1. Return the average number of partner chain Cβ atoms within 10 angstrom of each residue Cβ along peptide B:127-135.
2. Rounded to whole Å and ordered largest first, report the semi-axes of the equivalent ellipsoid of chain B derived from its Cα gyration tensor (root of 5λ).
3. What average count of beta carbons from other chains do you get within 10 Å of the Cβ of residues in A:118-127?
4. Round to a whole angstrom and tell me the spacing of the C-alpha centers of region B:178-254 and region B:23-60.
5. What percent do you get for the relative contact order of chain A when only Cα pairs under 8 Å and 6+ apart count?
6. Could you tell me how far the Cα centroid of region C:379-398 sits from the Cα centroid of region B:295-310, in Å?
7. Nearest-5 percent of antiparallel DSSP beta bridges in chain C?
8. Assuming R0 = 51 Å, what is the FRET efficiency of residue C:249 and residue C:118, from their Cβ-Cβ distance, to the nearest 0.05?
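Read-outs: derived from the displayed coordinates by stated rules, not from any lab. Small disclaimer: the values here were computed from a predicted structure and weren't measured. Cβ placement follows ideal geometry from the backbone for every residue including glycine, while neighbour counts extend to all protein chains displayed.
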């Protein structure tokens, strides 16, 4: 099975402190460390496990710039056969639909049975997978927590729905799936593995390679624009108890009893 | 302003709470008009759902089709595309079905897409200004959307207070005939219900809920002791389940259980919206967290900045004392 | 020699070993007579131990297969038979001529041959002859059977142990490199890191497998084993030994290349948890009578797993954080010195961060946990106070300091370790310090043995001990006369680096110190649970090691445990809560205790802290007036 995983390099969720910059219009980006978007990493691991069973290759692609190559190399160190950088000045400032349009052109150049994305990235958008599927007219499923290959034509998938329940469906190939964290246990990628792929060439594709007109993508074509970052004026929020621990405990018990919580 | 529609999720004849939140959001976008509800499904359950919305929506469009008995995003999308006028604005709740439906719908409608909106900041001609969050809620952003060719907007559940009900007449319009036959590349097979687990947290009035701050599996016992003393149950947030410290049946949140206790102790829980989405009925929320900046303190009633690994055992001792005195 | 004499006598009756014909002969015979007797008695005792007393460490848990008792008794019996046969031979040989009235060299009094000879005193010469011949045959058959059988069984160690001890690794503190003879720069060329199949072990490690006497002392002392983790060092060796017998048998084809660690496709002989469970405390190596090496093997097996990407999820996060932020917590580099820059502390003790403009003689290497953990930062502050008190010109690396990488290396991530080490070495060399001091035994061990080209390093306990002896540190008496202190030897200070006395000397120098020694102390100390990455690993165990240790302290009559390692502190404080001993047992770090008890005089520039009744801290500078500050 030929699998394409669309990945993204984002500020690492646990190793950064997100703070507003001095100007108050963006987050402080100077000391951010970056890594692959966590759900995308799960998607690559899932792809690797699928091809280990069925044969085939795993390609990881990202839309970005030179800095984004590092995540491609990491996933290649993990076992992906090929990393691809889709880059062009014309792409910068693209909104979700723009990115999906770019990826659509890339997918159409190749012959992929399955396209995976992570469920969402750091901006909580959860959009590229669904948009890509609609542009390609491929069936789509989001929040996928398990994949079973039925045959070369279809998959049996589980989606995470409310109450911890799972929705089981059959989906035709080729399709697009957005992968939820927890679907598997990604293997470890050590420094040594990354060094070993440090000089593997990563092909790049630009707007002309993909036949994309500038009017369809980029900042000009974007219909959704983030204009700033801010910290909202804090509402009343909680009443913070400021006594000693003993005093706080007594107060808590008082309140719990008052609300009917003590039997 | 273009016509605003709200896609309503329903189950067993009952609409999801988000239906009323979407109405409020719609009114905030365009205070002058009334949104139209969109429901798909089939049978008496669909009818019951439609009827329950009469106080919130002046017009309700019903699409009944056997293929839509179970909500399949692709089929629903095809159906909606047949009935939606061009340049419409469609509001959908940002939960598992919305995530499935909305992005693709926006492409087929050739409309702008913006997701997980917390608030509407204003409308300026065809410029819809909304507020979103990024980085797991650590930063907020203003986002401007060009909605001249329509829009699909997903709204965070719980972000908008449900609209006031205005008893009045409302019309249910049956649009089923406009849809035609439906088929899709994805077919629903079945739903696997989560294992019941030993404890049904939805039945408890008091919940001692733990998050990542519990730090390790052995410390779960600390919460259990407090729960035992209070006659409560221990529930948790997603990271605790992912780390396999508690079973999935204990998870409160959008992908876990929905609970409606009287008192909710959020211990070492940061307060991500996915977790809060599982807490309904406005319980008295007490938050205990080492981090004074944890988002949970925004939504809690009472907050204590302390180490739960030290606070909870002492609280447990006090509760036991109270009970022995009472005896 | 006797055996060969016996053999040759069979062919040439009057053969006497060259050199033994004179007076040496009878002396030698007396010695061997007693030797045979002693060996025989030992065999009897050994068999009785196996059958009646059944020491726990001999036991074979069901999951490892059947007991080795039958094998053991068989071999012990063979040796006993050998002794009897030899004695019978000598007895018969002496009895016959005696009966005929000839004089013979007397057999050693009360030895086995002597007793047998007395028993045979009245047997007919003909019968004696038969016995003589039968004993001879029995002796030869048993002897050569043993010689041939031993390599196949559990007693092969008799032959291999001599070589194993000769070739034993003497510098235990130096971890085995990834591949001997391959320097760090050339490691990229090595195809596969670590041990993944049996053949990846070095020849010495394979010799270890054959040399194990199956005594079980290692597992008996292994803390991981004691708390029910899947690890048993003894069975690490025995399973490998059995594997090699199976796959490299004398008859049959060689069956090599099977993966050692169980995976989806093959069961393997080790489980992943077994290998991750080890805290590298070194108790097994300290106990082994045959000097079998364990830590190197565990590290090599872990290197193999890391190379294959086979790492538990709980360890992946801290490893990733170490890679991007240089510490397992993922905290920002610029916050590394925050513990020293806390406003209140700055007023008491200024800690300088070394850079181009600020130099010092001594580097205080703080390491990750002391820098970032809220509780352990107090150890950092106490250490800084002590250094300040003795007038040490010191500084810290601050944001330039990365984790020492001690556990990173021992968990098999050699490449990441080298990156951390190289970064630290550059920073240390750039700072121009002449020596290094640390309060973290893991950092101490890394700087001393894993790092090259850095100035000499000392643990704070050594420094304090020296200053106490020089009179530069004086102590106030212990305020609470009910406090009974027990010192817990951290594995990487004590067992691995033999620093046992300095911390004790320091404690004993405090007036009013009431100190008890736990049964398991010094090199027999019991690991607290491990440090570094081990704090993140989630083992399957029945109990925590720390809990066992805290119970040992309580048993010894202590109510305060003193340790000299931040990881021990984490584990012990945690264990006190889990064991339900809160209020009955506390823990304190050596540096914290010293800082608390130092009698501070007031020379010109020194600062003095006095705790007043309402807990406010008064600061006095020399002779100037008091300035009150609240705590």
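1. For this peptide, the per-residue mean of nearby foreign Cβ atoms is 4.
2. In descending order, the three semi-axes are 40, 22, 18 Å.
3. 6
4. One Cα centre to the other: 31 Å.
5. About 23 percent, as a whole number.
6. That distance is 36 Å.
7. Of the beta bridges lying entirely in chain C, close to 30 percent run antiparallel.
8. Efficiency at R0 = 51 Å is approximately 0.60.
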